[in-house]
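The values are calculated or read from the model by the stated rules, or taken from the named source; none is laboratory data. These figures come from a predicted structure and were not determined experimentally. Cβ coordinates were reconstructed from backbone atoms using ideal geometry, including for glycine residues, and neighbour counts include every protein chain displayed.
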């Protein structure tokens, strides 16, 4: 029995199944472009991979292009396309510079021109032209991350502080047509929330934004407070959108890979949105219930958990989920729990997620570490690293939420 090798194989095959290449090419196959210019703008953690797929299909038909992605996510040159890397999860000066370049490339277009807009998760930080001072926006983002606000709450506020979010980028591109291909990283695929909806009308309200400010006790400047009430586009007739990829596909692929290795897959949910450590404890409880059944199972949960920052350690939500499961499965030699972010980066670390099994708690004790102490300091990364529990895939080229799996070998 080698649960770790099974986990690694499931991860590899699940990620391969949700790479955007084939899906982007399929979206293009059914689309015709006017005779005008085609300007390619790709934004997000999967931007390079999506732009490369477009270049493979359209070639010299692309007049100009720009990729804006996370640091260390550019994998090579793309003809006629400039690649720029920027800050994530907090925007930095490179985010602002890259966004200015995108706005420049899409100025003064005509109704015969097309902006081919490729969007994936991470765009909220990477694609930004703030309407408040940059340091104020950075502080707001840090406070939202630390508060445990979910992605929808964060984007409801961030789009109102931006000249490109909440449909404003598509408005800027008019009268050119915007053909948007979106790789979804938010549960339920809400187009107005993915990367804060640069090319989609806003579905949230000013009242929603004020409620989030109140919920988390945020103190905004007068300018930021006034922006909460500024109207965003409610209709964008120059936009066509096609969604490709989702967390359900990731879960389905993980289930298929597990089944090929003799496990009976059980999809628990593809809409997991609770705190990471609670999810870890819940998955450990499932493992305890079924570890003695004599059968092999793979319980699968997809979605995106949240973390409340209480300490000053290093880690990410998938690492916290796995570490939180370790005490609950201690001593069960036929059980493993692992969780990964499909983009290959979990929080501000170089790990995609974490792996624990029935021997992890004992290994931590031998290393004079404890899961509880690490979680109290949000310090999952060095703790898992001490016992070989980090999962490192490198940047994957996709971004469709997270998947957590309980493996039970009968």
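Some points to look at:
- Residue within segment 249-259 that is closer than 30 Å to residue 358 by Cβ and surrounded by fewer than 16 Cβ atoms within 10 Å (Cβ to Cβ) present: yes
- Residue 149 satisfies every condition listed in (1) within 24 Å of residue 189 (Cα to Cα); (2) in contact with a strand residue (DSSP E or B) (Cβ under 7 Å, 6 or more places away or on another chain) except (2).
- Taken over segment 91-118, the residue count meeting the criterion of being over 21 Å from residue 178 (Cβ atoms) and loosely packed, with under 15 Cβ neighbours inside 10 Å is 2.
- Candidates 272, 218 - the one that is outside the structural domain of residue 372 (by TED's automatic domain parsing), in contact (Cβ under 8 Å) with a residue 40 or more places away in the chain and either surrounded by fewer than 20 Cβ atoms within 10 Å (Cβ to Cβ) or in contact with a helix residue (DSSP H, G or I) (Cβ under 9 Å, 6 or more places away or on another chain) (or both): 218
- Condition met for residue 324 (buried (at least 24 other Cβ atoms within 10 Å of the Cβ), touching a helix residue (DSSP H, G or I) at 6+ places or on another chain (Cβ under 8 Å) and farther than 24 Å from residue 261 by Cβ): yes
- Every condition in (1) in a helix (DSSP H, G or I); (2) in the same structural domain as residue 50 (by TED's automatic domain parsing) is met by residue 237 except one, and the failing one is (1).
- Of the candidates 134, 86, 102, the single residue that is farther than 25 Å from residue 347 by Cβ and modelled with pLDDT of 90 or more is 102.
- Identity of the residue in segment 394-410, in contact with a helix residue (DSSP H, G or I) (Cβ under 7 Å, 6 or more places away or on another chain) and in a loop (DSSP other than H, G, I, E, B), that ends up surrounded by the most Cβ atoms within 10 Å (Cβ to Cβ): 400
- Number of positions in segment 303-325 that are under 14 Å from residue 279 (Cα atoms) and in a loop (DSSP other than H, G, I, E, B): 5
- For segment 363-392, the set of residues classified as buried (at least 20 other Cβ atoms within 10 Å of the Cβ) and in contact (Cβ under 8 Å) with a residue 40 or more places away in the chain consists of 371, 374, 375, 378, 379, 380, 381, 383, 384, 389, 390, 391, listed by residue number.
- Qualifying residue in segment 231-245 (condition: farther than 28 Å from residue 114 by Cβ, surrounded by fewer than 23 Cβ atoms within 10 Å (Cβ to Cβ) and modelled with pLDDT under 95): no
- Candidates 50, 75: the one that is outside any strand (DSSP E or B), closer than 21 Å to residue 27 by Cα and touching a residue at least 24 places away in the same chain (Cβ under 8 Å) is 50.
- Residue 110 vs. criteria in the same structural domain as residue 231 (by TED's automatic domain parsing) and outside any loop (DSSP other than H, G, I, E, B): no
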